[in-house]
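The values are calculated or read from the model by the stated rules, or taken from the named source; none is laboratory data. The structure displayed is predicted, hence computed values, not measured ones. Every residue, glycine among them, receives a Cβ derived from its backbone with ideal geometry; neighbour counts consider all protein chains shown. For accessibility, only protein heavy atoms count, side chains too; no ligands or nucleic acids. Shrake-Rupley method; radii C 1.70, N 1.55, O 1.52, S 1.80 Å.
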Amino acid sequence: MIMRCDIITLFPDMVLPVLGQSMLKRAREKGLLEVIVYDLRDYTRDRHRVVDDTPYGGGAGMVIKAEPVLCAIDALRGESGEGGHASLRILIPSPQGRPFTHQLAEELQRDPRRLVFICGHYEGFDERVPLGLNAEEVSIGDYVLTNGELPALVMLDAAVRLIPGVLGDPDSAQQDSFVDATLDCPHYTRPPEVRGMVVPDVLLSGNHEAIRRWRRKEALRSTSVKRPELLQDRLLSEEDRRLLEEIVHEKTNRPSVLCVEEE
């Protein structure tokens, strides 16, 4: 299944270079991803191509007008020959939206509908845009950016790399952080020693089962230290429970360093 996506933006030149790099470029070249970028100003009706205006009620900043955005979506529906709201899945990057997660990336990758990212700017959109389009607002974090292009590209990249055939190694996506609600394990490559820091012996042993167990244990260790909330109220496998018990035992039985004053 080809993943189809449209990006509506005030800054096409900000989006296009990213689509021509790395995994996004590879997915497009393989015919696994189709992305069309639209300039929102092309859907204005005045000669100055104005897309924003001052907010009703006063206040700082400018607001993107509803009409150009609604016209852009009408045009997309007409060009695709697909009628009705069900043919498009419309997403608006917004700090007010649903948090973006690995699970949502998987959901987007599997969705047969055409994904449409509408990228905002200034103080955001006239509220009649999300209301009129029944759009989903999605947030990549609790902070504010100057525009929606970067979040749209983040979401697209996270979803596209999950398409079978995009990554060189089909197992890579399944070993990433957050796939099973844990962080990734540490990774090492040649040489075996760098400035006194050495690769763990188990990774050089050739014992595949020992390596698999070490990686799982270190993933759990990293998660318990850096993101312990990911392990809360989670149904753990018997192996994960044993590994976590080992981690706790190692921590509580770590020898302490005593400072002894010389007489």
*With unit charges on the beta carbon (Lys/Arg positive, Asp/Glu negative), name the residue among Met62, Leu104, Ser87 whose Cα is farthest towards the positive pole of the charge dipole of segment 31-109.*
Met62
_Need one number: % antiparallel among DSSP beta bridges in the chain, to the nearest 5._
20
*Compute the FRET efficiency between Met62 and Tyr188 as 1/(1 + (r/R0)^6), taking r as their Cβ-Cβ distance and R0 = 35 Å, and round to the nearest 0.05.*
0.10
_Electrostatic dipole magnitude of segment 30-79 [Cβ: Lys, Arg +1; Asp, Glu -1; Cα centre; debye, to 20]_ = 60
*Return one number: the angle in degrees, 0 to 90 and rounded to the nearest 10, between the long axis of the Cα atoms of helix 208-226 and the longest principal axis of the Cα atoms of the chain.*
70
*Using the heavy atoms of the protein chains and a 1.4 angstrom probe, tell me the accessible area per residue for the chain in square angstrom.*
62
*Under the rule of -39500 (n - 2.57) per DSSP H run of 4 or more residues, summed and divided by the residues of the chain, what mean residue ellipticity at 222 nm is obtained, to the nearest 500 deg cm²/dmol?*
-11000 deg cm²/dmol
*Between Tyr122 and Thr252, how many nm apart are label points set 7 Å from Cα along the C-beta direction?*
6.0
*For the chain, convex hull of alpha carbons as volume per residue, Å³*: 243
*Mean Cβ neighbour count within 10 Å, used as a protection proxy, ranking 199-208, 100-109, 15-24, 2-11 highest first*: 2-11, 100-109, 15-24, 199-208
*Measure nothing fancy, just the Cα-based angle from helix 149-160's long axis to the longest principal axis of the chain, in degrees from 0 to 90, nearest 10.*
60
*Indicate the gyration tensor shape class of segment 56-154 (rounded, prolate or oblate), computed on the Cα atoms with a ≥ b ≥ c the square roots of the eigenvalues: a/c under 1.5 is rounded; otherwise a/b larger than b/c is prolate and the rest oblate.*
oblate
*When the dipole is taken about the Cα centre of segment 1-58, and only Lys, Arg (+1) and Asp, Glu (-1) are charged at their Cβ, what size is it in debye, to the nearest 20?*
280
*Size of the dipole of the chain about the Cα centre, Lys and Arg at +1 and Asp and Glu at -1 on the beta carbon, nothing else charged, in debye to 20?*
660
*asked:* Using a 1.4 Å probe on the protein heavy atoms, what percent of the accessible area of the chain belongs to carbon and sulfur?
replied: 52
*asked:* Which order do the peptides 57-64, 136-143, 149-156 come out in when sorted by mean C-beta neighbours inside 10 angstrom, highest first?
replied: 149-156, 136-143, 57-64
*How far, in nm, would the chain grow between Asp233 and Thr54 when pulled straight, counting 0.36 nm per residue and subtracting the alpha carbon separation?*
59.7 nm
*Quote the FRET efficiency, to the nearest 0.05, computed for Asn207 versus Ile36 with a Förster distance R0 of 51 Å and r equal to the Cβ-Cβ distance.*
0.55
